[in-house]
Each structure stands twice: as C-alpha cells, then as structure tokens.
Amino acid sequence: MDFEFSEEQQAFAKEVEVFLDEHDDPHVFDVTRENMAQIVDTPRRRAFMALLGEQGWLGMTWPEEYGGGDGEGVYEYLLNEQLAGRGGPQIGKGVGIIGKTLIRHGNDHLKAEFLPKILRNEVEFAVGYSEPDAGSDAAAMKLKAVKDGDGWMLNGQKVWTTSAHFAEWYWLGARTDPDSKHQGITLFLVPLDHPGITIKEIWTMGDERTNEVFLDDVWVHDDYVVGDVNKGFQYISEALDLERFTMFTFSPVEQRFEILVEYVRTATRDGEPLRDDPVIRQRMARLATDLEVSRVLGLRVVHASMQGGTPPTTQASEYKLFTTELSKRLADASMDICGPGSQLRVRTKEAPLEGRSESTYRYTVIDTIGGGTSEVQKNIIARRELGLPKNF
Ligand SMILES: Cc1cc2nc3c(=O)[nH]c(=O)nc-3n(C[C@H](O)[C@H](O)[C@H](O)COP(=O)(O)OP(=O)(O)OC[C@H]3O[C@@H](n4cnc5c(N)ncnc54)[C@H](O)[C@@H]3O)c2cc1C
C-alpha cells in the first residue's frame, strides 16, 4: 500500500506552491483566521480566487462538459490543503458543495447559470440549513415554501448562516411537505438581495461574523428548485458529506503542530529546555501520531471519492470527528505547553507563538460544531458503519 503522492501529483503540488509564493499577500493569506480563513469575503480574496479560476484550478474534478478538467480528486485535495495551510480562501463551498451537487442533481437552467460563474469565481454562496429549532436534526427545519403559480413563496427563519452578509445566493433548505419529515424538504437557490430577506449579524468567539436570516414573502421561480421537490434532504446529506471533508482541512492542524514543535525545540522554562521535559515530549509524540492518523483518514476519503458513486459518508464523518477533535486537543496542548503567556492576544510579538495559542483555542471550538457536531458524526458512524439503531 502506497501512502505517498505520485511524481505527477508532487509536481502539481510544487506548481501550486510556486504560484502561492508569487501571489503571497497578507490581505489574502492569514493563518490567524484559523478555519474561517476559507471564506471568500473580501474583494482581494475574490480576485485571488478568480486567478485560480484562470489557472484552470477551480473545477479540476468537474466533468469536461461543464467546463471542468475531469481530473482526479487528489489534485483538488492537494490544492485545497495548500491554500488552507497558508490561511488562504478555499474552493470548498462553490466548487465543492454547490457546484458538485448542481452537476449531480441541478436542472439545465441552474447548471447554465451557476456553473460557469463558479469556475470564474464570480459568485459567492451562503448555506442555509440550520434554524432555531433545527440544528443537529436538520430535517426538523420549518422554514415554509408554499406553491404559488410557477414558483414558491418562502417564509421563516434561518440561523448561523455564515457568509450571508457578502454572498449573492442562498443555498437554502425549506419545508414543502408539512406531513413528512425527511421526504418533505426541498432545496432552493435564492438571491440574497431579495427585498423580503433581512440579515442580522451574530459575532462568534472566533471573531468571525455569522448571521440570522429572516425570509418574509420571498418568491422564487420553479427554475431555482434544486433537483426534485421533497428530495432536498437527500441532496443536503450528500452535500454535508462533501462539507465535512472539504471544509475541515488537515494542513492548518499540521501547521499549528509544526509551530508548537519548533517552540518546544527552542524554548526554556525556569532555565531548563522544554524539549528535555518527558511529559512534554510524550504529549508531542502522541499528537504527532494522532496527526498521522488524521492525514491517513483524509487520504482514505480522497481515495473513496475517486471510486465514483455517492460521497463516502462514514469515512467523511470519521475524518471530521477525529481531525476536529484533534485540533482541539492540540489547542489545549498549546495553551498548557506555552504557559501563562499563551493567554496573550494573537499577533502579540512577545507572546509564545505570537499569540497563536489563544486564537486557535477560541476558533477550534467551532470546528466540532459546524457541519454537524462530533456527537452527530458518532451517530452516523454507529448507524452506518456498525448497523446500530438510529437515535433520532
Ligand atoms: C460558527 C458557526 C457557523 C455555522 N455556519 C452555518 C452555516 O453557514 N449554515 C448552516 O446551515 N449552519 C451553520 N452552523 C450551524 C451548525 O451546523 C449547527 O450549530 C450544528 O449543526 C449544531 O446544531 P445546534 O447548534 O442547533 O445544536 P443542537 O442540535 O441543539 O445540539 C446541542 C448539543 O446536543 C448534542 N446533540 C444533539 N442531538 C444529538 C443526538 N441525537 N445525539 C447526541 N447528541 C446530540 C449536539 O452534539 C450538541 O452538543 C454554524 C454554526 C456555527 C457555530
């Protein structure tokens, strides 16, 4: 079994590295935004993503008939991981989630309108599944869509919609059959500048904005229904499999580990080198081993995705569960090892790791919640992998 990348894959990774060095820009790349660095929220970040489009690097794995490169998923993985490792915007949402779902299930109108724009990075999306009474149990969503002429009238509320304040389109689940739960949800694309939409900010402990979104008589034409009416939950579940992998990348965890190793190698406490402390050495060795497990779990998802068919659900859940929990364990270790100075704010020059410990500690909490909590991932693994009964 070979866990290494082929020569061609390594050459591509090198090409990406050189490109990123040439386009290095602190307004685009910022590791201190941790996992939220992935969002494409400023004009500079959008312009950079458009450059990736010009390189032919957006949609590398899409079929050629939709303007893609028909390439293997491993190339997209290599690109996304390099972007993530530098705190750059990433290809997860448009290319990975919305684009891939439209290719599988979208009508011709949606494909023609959105796929070319995604490839040129001319459109940003927000994803609206969660509601005040529907989080882990997303199929409990209540936002109502009622048939109205040759379209649908939408009313209700979403919560935790990241990106709604700068995106143009809303990828939104709504209840179209009140008598059925999982079979009563439809997926829509809704313009976020619709006059019936109100967006209210919510600020997280990770210094990033997310939103409450209210829909009041928002009419959407039938053309903007994604796939079949009442099959939306199936598409949402597939899209979540993609999200759990593409939006929770491995390289930022590795990058944070590397700076901590460097600190342990060089720092002293009470005049003694940290590297000589057996407790610290053992903790670092354990983290190094966990990191390797995470890397291989990720490669397993890439491998399974390349076999075709539906996205690999349990592998994606196992990867997300392990990697995001590891990310938190690493944040804890960073606080413990760096001592009291680790509480100093990020970008404080005199703080250990220039304050990365504190920002990582705050941000990584979100990773085990967004895209489905750790408990939800465990439920999926228990049910799908082990055949144990469903608990909701
Ligand atoms: C920063 C941030 C950004 C987000 N961005 C988006 C976004 O863009 N779009 C979007 O749609 N959503 C988004 N979310 C929402 C996210 O997907 C939900 O928060 C998540 O699914 C959990 O739902 P909840 O918050 O309602 O918690 P709840 O479902 O109320 O869960 C509360 C607790 O109970 C546990 N729990 C619930 N059910 C079970 C069960 N059956 N078995 C065991 N334990 C259980 C959970 O694990 C959790 O610990 C975001 C969340 C955050 C924090």
Condition set among the aliphatic types (A, V, I, L, M) and open to solvent by 10 Å² or more (accessible area, probe 1.4 Å), scope region 41-57, selection nearest to E4 (Cα to Cα): answer is L51
Any chance region 152-162 includes a residue that's open to solvent by less than 50 Å² (accessible area, probe 1.4 Å), of a type in the set (S, T, Y), within 14 Å of the ligand (Cβ to nearest atom) and in contact with an Asp or Glu (Cβ under 8 Å, 6 or more places away or on another chain)? yes
Say whether the condition of being under 22 Å from E76 (Cα atoms), free of Cβ contacts under 8 Å to residues at least 24 places away in the same chain and either open to solvent by 20 Å² or more (accessible area, probe 1.4 Å) or of a type in the set (D, E, K, R) (or both) is met by at least one residue in region 337-351. no
Look at region 64-89 and say how many of its residues are of a type in the set (S, T, N, Q) and buried (at least 23 other Cβ atoms within 10 Å of the Cβ). 1
Can you tell me which of S317, S327 is under 22 Å from D207 (Cα atoms) and small (G, A, S)? S327
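Restricting to region 344-365, what's the tally of residues that are of a type outside the set (D, E), part of a helix (DSSP H, G or I) and out of contact with any Phe, Trp or Tyr (no Cβ under 9 Å at 6 or more places or on another chain)?
10
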Of all residues in region 163-214 being buried (at least 18 other Cβ atoms within 10 Å of the Cβ) and among the small types (G, A, S), the one that is farthest from I97 (Cα to Cα): G206
Extreme residue, least open to solvent (accessible area, probe 1.4 Å), among residues of region 377-392 that are within 20 Å of Y129 (Cβ to Cβ) and more than 6 Å from the ligand (Cβ to nearest atom): Q377
Residues that are part of a helix (DSSP H, G or I), of a type outside the set (V, I, T) and surrounded by fewer than 21 Cβ atoms within 10 Å (Cβ to Cβ): does region 121-128 have at least one? no
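Under the condition of being among the aliphatic types (A, V, I, L, M) and out of contact with any Lys or Arg (no Cβ under 8 Å at 6 or more places or on another chain), which residue from region 240-273 is farthest from G339 (Cα to Cα)? Full working, then the answer.
Step one: filter region 240-273 for residues among the aliphatic types (A, V, I, L, M), giving 240, 242, 247, 253, 259-261, 264, 267.
Narrowing the set further to residues that are out of contact with any Lys or Arg (no Cβ under 8 Å at 6 or more places or on another chain) leaves 240, 253, 260-261, 267.
Working: L240: 37, V253: 20, L260: 12, V261: 15, A267: 11 Å.
If we take residues in region 240-273 being among the aliphatic types (A, V, I, L, M) and out of contact with any Lys or Arg (no Cβ under 8 Å at 6 or more places or on another chain), then L240 is farthest from G339 (Cα to Cα).
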Within region 233-251, how many residues turn out to be in a helix (DSSP H, G or I) and open to solvent by less than 20 Å² (accessible area, probe 1.4 Å)? 6
For region 295-327: of the residues being surrounded by fewer than 19 Cβ atoms within 10 Å (Cβ to Cβ) and more than 19 Å from G96 (Cα to Cα), which is farthest from the chain's Cα centre (by Cα)? V296
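The values are calculated or read from the model by the stated rules, or taken from the named source; none is laboratory data. Everything numeric in this text was worked out from a predicted model, so none of it was measured. All Cβ positions, even for glycine, are placed from backbone atoms using ideal geometry, and neighbour counts span all protein chains on display. Just so you know, the surface numbers come from the protein's heavy atoms only, side chains and all, with ligands and any DNA or RNA stripped out. Shrake-Rupley method; radii C 1.70, N 1.55, O 1.52, S 1.80 Å.
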